[in-house]
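Heads up, the thing below is written out as structure tokens.
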Amino acid sequence: MDSADVVVGDVVLLKGGDRIPADIRILNASGFKVDCSSLTGESEPQVRNPQCTSKNPLETSNLALFGTNAVEGQCKGIVVGTGDRTVMGRIAMLTSRVSPGKTPIAKEITHFIWIISVIAFIIGGAFFIVSLLLQYTFLEALVFLIGIIVANVPEGITATVTVCLTLTAVRMRKKNCLVKKLEGVETLGSTSIICSDKTGTLTQNRMTVTHLWVNGGVEVALSQDRNSVLVDSGALANEKAFNGEKGSLLRCASLCSNADFVASGRSTKTSQCEARGDASEVAILRYCEAVCGDVRAYRQLYPKVCEIPFNSINKYQVSIHKTPPRSYLLVMKGAPEKILTCCSTVFINGTETKINKDVKENFKQTYEFLGGLGERVLGFCDLELDQKKYGADYKFTTETPNFPLRGLRFLGLIAMIDPPRPAVPHAVRLCKSAGIKVVMVTGDHPITAQAIARQVHIIEQDCDVTMLVNETDKIPNFDGENHGKTMRARGIVIHGERLRYLSEDQLDYIAANVEQVVFARTSPAQKLQIVETFQRAGGVVAVTGDGVNDAPALRKADIGFNSCHHHPVTCHHHRYENH
């Protein structure tokens, strides 16, 4: 059925790989996840279920929004909005209602023309009066008047400005930057504030494994090193790679996953293949492939027998695999705190030991540390099933599990994050050294936003940051009656919910006095409000973004940058494309 034929009230069935045809309220779902990165800025797919978790349609779990993509699972829902009545349609309407102001060069040329015009009329009028006093005829005096005015008209200014801007635009084109409006070239040189989106702009929009907690310690994940466990290829290589504490963790991560490599063109090499699946699973798959070798061949040695998909109630995923010669291996992954409760032992120093207070305290500290870095953390555990009880002909059932989900062996944690683009930290430092203020405006979580902001130097490492999340959180050093004379605050992270309750005076204070600012969980209307605030403070504002939620801000900004491969809603409302 074509999406154009969908109307409000229709009941639709969706599965992984489908594009959401309208705004849909979820009636029931099974492991249903949606990629909302272009709409909300969140790097990882979001779970969707019938539970309403927020009044904000961009954040609630019971809505699948038009234009997003179903990543995995399936659901049944009812259509609640189509066309202009969808969230994306409202963003497009908001964008169309925004009228961009004059560019700095347009203002300067207008001001210059007014000055020249006034001078021309004054001089012309003076010559007209003098001509009459010298007893020239009225017609001759009028000719003097018109001649003086015409002589002062800068006829060549349009051609001169156009040629200069065009030459600059041609040079920028050689740097893979396409200028859509010539006046934007001059505006670029006048920029004083950059409001940048995070996902896909500052970051790569690709989840990457960064840390492992294994054998009781945190290890930095260096997938490019292809650790010494590698040998040539085949089963033997994989068997060696998946031995030991780290090997057991990676074995569990490789098997308990639905992500896989898809051949691209004629090439069948995994290094040249596209990985498809959940963003977190794809990140883990790529890491395991780099460290351990051929994951696909290893999976063939351990075929999957049954699986319980991840859901928001259980918060874990379980699969059972055949192991040579005639036994089974149960592997589980999920929310770390949930995984730990399912385990009775932990694999450390080559032996299984009981989980005690020390292990739990170490787990808690590590989990909080990795979470504080803005990373997504998954826990992993396994269990070799008793061969006598679970023989080769045993029938596993998942509706009412007839296999153990408690007393498992805890293996460790894997942490991931959408990493910054390599060139971004240096670019931010260059902007700051040139006196340009860089502000992050994202729809992602405040902790993740702050972590990325520190990595790219929007917030310096030694900066004390104030988090404004709840309505009662106070702005540091703000005096409502005399905020212009207060001390300058250094760093601040503002949640979209708190932003709703900030007055215009408070926003003006933040724009003028806070050096390092991050806005998180912001809606498209709030991004527009932020741009207007900085413009009101006298700044020339540039906006960089690649999502639908950036479109209103891109249109309102003095200059907008957008990557050319992103959504068409944003591509019509900016002055630069970056290839």
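The values are calculated or read from the model by the stated rules, or taken from the named source; none is laboratory data. Worth saying up front: this structure is predicted, and the values here are computed from it rather than measured. Virtual Cβ from ideal backbone geometry, glycine too; neighbours counted across all protein chains shown.
Every residue, every condition in (1) among the aromatic types (F, W, Y); (2) over 30 Å from G538 (Cβ atoms), yes or no:
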| position | (1), (2) |
| --- | --- |
| F369 | yes, yes |
| V377 | no, yes |
| M416 | no, yes |
| V428 | no, no |
| S433 | no, no |
| V439 | no, no |
| I459 | no, no |
| M467 | no, no |
Residue selected from segment 190-216 under the condition among the small types (G, A, S) and modelled with pLDDT of 85 or more, by the criterion nearest to I339 (Cα to Cα): G216
message: Against the conditions (1) at pLDDT 90 or above; (2) in a loop (DSSP other than H, G, I, E, B), where does G443 fall short? Just the number, please.
response: (1)
statement: Picked from segment 309-337 (must be of a type in the set (K, R) and assigned to a strand (DSSP E or B)), the residue surrounded by the most Cβ atoms within 10 Å (Cβ to Cβ) is K333
- prompt: What is the one condition in (1) in contact with a Pro (Cβ under 6 Å, 6 or more places away or on another chain); (2) modelled with pLDDT of 90 or more that F534 does not satisfy?
  reply: (1)
query: Is there a residue being at pLDDT below 95, part of a helix (DSSP H, G or I) and surrounded by fewer than 20 Cβ atoms within 10 Å (Cβ to Cβ) anywhere in segment 394-417?
result: no
message: Please determine whether any residue of segment 290-308 is at pLDDT below 90, within 28 Å of C75 (Cα to Cα) and either surrounded by 18 or more Cβ atoms within 10 Å (Cβ to Cβ) or of a type in the set (A, V, I, L, M, F, W, C) (or both).
response: no
query: Tell me, which residue of segment 148-177 that is surrounded by 14 or more Cβ atoms within 10 Å (Cβ to Cβ) and under 41 Å from the mean Cα position of the chain (by Cα) is farthest from W114 (Cα to Cα)?
result: C177
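Given the options T86, T68, name the one that is touching a Gly at 6+ places or on another chain (Cβ under 9 Å), of a type in the set (S, T, Y) and touching a residue at least 24 places away in the same chain (Cβ under 8 Å).
Sole residue among the options that is touching a Gly at 6+ places or on another chain (Cβ under 9 Å), of a type in the set (S, T, Y) and touching a residue at least 24 places away in the same chain (Cβ under 8 Å): T86.
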- prompt: Can you pull out the residues in segment 309-328 that are modelled with pLDDT under 90 and of a type in the set (A, V, I, L, M)?
  reply: I313
message: Checking the conditions here, which among L58, L14, L39, L63 is aliphatic (A, V, I, L, M) and without any contact (Cβ under 8 Å) to a residue 60 or more places away in the chain?
response: L63
- line: Inside segment 52-77, the number of residues satisfying the requirement of being closer than 22 Å to G16 by Cβ and exposed (fewer than 15 other Cβ atoms within 10 Å of the Cβ) is 1
statement: E59 meets each of (1) part of a loop (DSSP other than H, G, I, E, B); (2) touching a Gly at 6+ places or on another chain (Cβ under 6 Å); (3) charged (D, E, K, R) with one exception, condition (2)
- prompt: Restricting attention to segment 418-438, does a residue exist that is within 17 Å of C342 (Cα to Cα) and of a type outside the set (A, V, I, L, M, F, W, C)?
  reply: no
message: Looking at the structure I just gave you, is K432 surrounded by fewer than 19 Cβ atoms within 10 Å (Cβ to Cβ), over 19 Å from C256 (Cβ atoms) and in contact with a strand residue (DSSP E or B) (Cβ under 9 Å, 6 or more places away or on another chain)?
response: yes
field: Matching residues, segment 152-185, being touching a helix residue (DSSP H, G or I) at 6+ places or on another chain (Cβ under 8 Å) and of a type in the set (S, T, Y)
entry: T168
- prompt: Within segment 89-105, can you find the residues that are out of contact with any His (no Cβ under 8 Å at 6 or more places or on another chain), part of a helix (DSSP H, G or I) and either surrounded by 15 or more Cβ atoms within 10 Å (Cβ to Cβ) or assigned by TED's automatic domain parsing to the domain that holds L39 (or both)?
  reply: G89, R90, I91, A92, L94, P104, I105
task: Go through segment 179-197 residue by residue and tally those that are out of contact with any Ser or Thr (no Cβ under 6 Å at 6 or more places or on another chain) and over 25 Å from P425 (Cβ atoms).
output: 6
